[in-house]
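Here is the structure we will look at.
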Amino acid sequence: MTPFDASLPLAAAPMAGGPSTPQLVRAVSAAGAFGFLAGGYRSAEQLAADIDEVRGDVPAFGVNLFVPSAATPDADEVRAYARRLEEDARRAGVSLDPDRALVPDDDAWDDKLALLRAHPVPVVSLTFGLPSAADIASLRRAGSVVLASVTTPAEARLAEEAGVDGLVVQGPRAGGHSACFDPRRTPTDAATADVVRAVRAASARPLVAAGGTGGAPDVRMLRAAGADAVAVGTLFLTADEAGTSPTHRRALADPRFDETVLTRAFTGRPARALRNAFADRHSSAAPAAYPAVHHLTRGLRRAAGAHGDPEALHLWAGTGYRAAVRAPAADIVASLAEGV
């Protein structure tokens, strides 16, 4: 049983920062899969506009939220990282403000929660940990199916105890941020199918597998491992309807970017990206301090995007990125559906 209403057991994973547009959600849904809006980095007002844009056309869709962390970043570590980045900032013509980066930021959690209680959506998925059981219960009372992103059986058990309806099981080969509850932990390499099997052994909840999918054979493998559905992110980065930046799109097809790495260099949280010069220079020194590092490096990353510089940009990508091609989302869904 899939935890969402779609004719195919496939979803376009939420990708914060621009790629997951309402247009992508509509196209994926029209092709028979399930689409997610990415609530991360959006204000409640922006998210409400995105929801309104798809609600009339799409009968079932989801919204992903970043769960705020109660951890306090080490200010000395963030300031030391800022000093390390000063030469990068000088070359890019931007200034770094570690004190501003250290201002607490919960990604407008309360405002978004209030929005989704008042105007429920079919599915809400949670990433970066768990909110209170009361928050989860309030979303369920509003009529939403609530999914939690997990990376281990232990996290899956905690999510079950908190009262979620299903689990998004993310393998460490997924592109973008790891959903691990503890951002100080660096996920060890493992096939997503193995992670799914381990979580399936610990949970009877509906499971959505995510991470490293490169095509229909991977979908087939994940379903055989026990996943009720498969969420795909990286392959949709190059969909016609995605909001992925031109620099990011070009890098995904550029043969000089020939591997991915897990790095905290861009945001302070482990995330998988194409290996580039910024990751090489700073991964070993980046503190586990999300979202402070995310705010600290934002100006650097914006400058890189404006100048078309892939060596300083966060080029999120899962290990299946070589299969990403420019195409309508419907064609990507159809290709993946051959593995269902």
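Please enumerate the residues belonging to segment 60-113 that are open to solvent by less than 70 Å² (accessible area, probe 1.4 Å), out of contact with any His (no Cβ under 7 Å at 6 or more places or on another chain) and assigned to a helix (DSSP H, G or I).
A75, V78, A80, Y81, A82, D88, A89, A92, P98, W109, K112, L113
Cβ contacts < 8 Å: first residue farther than 15 Å from Q23 by Cα, restricted to segment 318-336; second residue acidic (D, E) and surrounded by fewer than 17 Cβ atoms within 10 Å (Cβ to Cβ), any location; separation 6+ or different chain. Result?
Correct list of pairs: R326/D240.
If only one of G143, G175 is surrounded by fewer than 16 Cβ atoms within 10 Å (Cβ to Cβ) and either at pLDDT 95 or above or not β-branched (V, I, T) (or both), which one is it?
After applying the criteria, what remains is G143.
Can you tell me which residues in segment 114-133 are of a type in the set (G, A, S) and open to solvent by less than 60 Å² (accessible area, probe 1.4 Å)?
A114, S125, G129, S132, A133
Looking at (1) open to solvent by 40 Å² or more (accessible area, probe 1.4 Å); (2) under 26 Å from D218 (Cα atoms), which is the one condition that is false for L274?
The single condition L274 does not satisfy is (1).
Can you tell which of D99, D88, D105, D111 is acidic (D, E) and free of Cβ contacts under 8 Å to residues at least 60 places away in the same chain?
Answer to the selection: D99.
For segment 39-59, how many residues are among the small types (G, A, S) and open to solvent by less than 10 Å² (accessible area, probe 1.4 Å)?
So the answer is 2.
Out of (1) surrounded by fewer than 17 Cβ atoms within 10 Å (Cβ to Cβ); (2) within 27 Å of S7 (Cβ to Cβ), what's the single condition that is false for P246?
(2)
Would you be able to say whether some residue in segment 229-236 is surrounded by fewer than 19 Cβ atoms within 10 Å (Cβ to Cβ) and either within 20 Å of F34 (Cβ to Cβ) or not polar (S, T, N, Q) (or both)?
No - not one qualifying residue is present in segment 229-236.
Going through R26, R42 one at a time, which residue ends up being more than 16 Å from the chain's Cα centre (by Cα) and not hydroxyl-bearing (S, T, Y)?
R26
Tell me the residue from A224, A193 that is open to solvent by less than 20 Å² (accessible area, probe 1.4 Å), touching a helix residue (DSSP H, G or I) at 6+ places or on another chain (Cβ under 8 Å) and over 30 Å from A312 (Cα atoms), please.
It is A193.
What are the residues in segment 174-190 that are over 12 Å from the mean Cα position of the chain (by Cα) and either over 15 Å from R264 (Cβ atoms) or in contact (Cβ under 8 Å) with a residue 60 or more places away in the chain (or both), if any?
If the condition is that a residue be over 12 Å from the mean Cα position of the chain (by Cα) and either over 15 Å from R264 (Cβ atoms) or in contact (Cβ under 8 Å) with a residue 60 or more places away in the chain (or both), then F181, P183, R184, R185, T186, P187, T188, D189, A190 are the ones that fit.
What are the pairs with Cβ atoms under 9 angstrom where one residue, in segment 250-263, is loosely packed, with under 12 Cβ neighbours inside 10 Å and the other, located anywhere, is polar (S, T, N, Q)? Sequence gap at least six, or different chains.
E259/T319
May I ask you to list the residues in segment 201-243 that are within 18 Å of T2 (Cα to Cα) and in a strand (DSSP E or B)?
Across segment 201-243, the qualifying residues are L207, V208, A209, A210, A229, V230, A231, V232.
Among V121, V195, which is more than 24 Å from R269 (Cα to Cα), over 17 Å from the mean Cα position of the chain (by Cα) and of a type in the set (V, I, T)?
V121
Return yes or no: is D57 free of Cβ contacts under 8 Å to residues at least 60 places away in the same chain, more than 13 Å from the chain's Cα centre (by Cα) and outside any helix (DSSP H, G or I)?
yes
Quick check on A285: is it touching a helix residue (DSSP H, G or I) at 6+ places or on another chain (Cβ under 6 Å) and not in a strand (DSSP E or B)?
When the stated conditions are applied, A285 passes them.
For A202, indicate whether it is under 14 Å from the mean Cα position of the chain (by Cα), closer than 25 Å to S69 by Cβ, aliphatic (A, V, I, L, M) and open to solvent by 10 Å² or more (accessible area, probe 1.4 Å).
no
The values are calculated or read from the model by the stated rules, or taken from the named source; none is laboratory data. Just so it is clear, the model here is predicted, and its values are computed rather than measured. Please note: Cβ atoms are built from the backbone with ideal geometry, for glycine as well, and neighbour counts cover all protein chains shown. Surface accessibility is based on the protein's heavy atoms, side chains included, excluding ligands, DNA and RNA. Shrake-Rupley method; radii C 1.70, N 1.55, O 1.52, S 1.80 Å.
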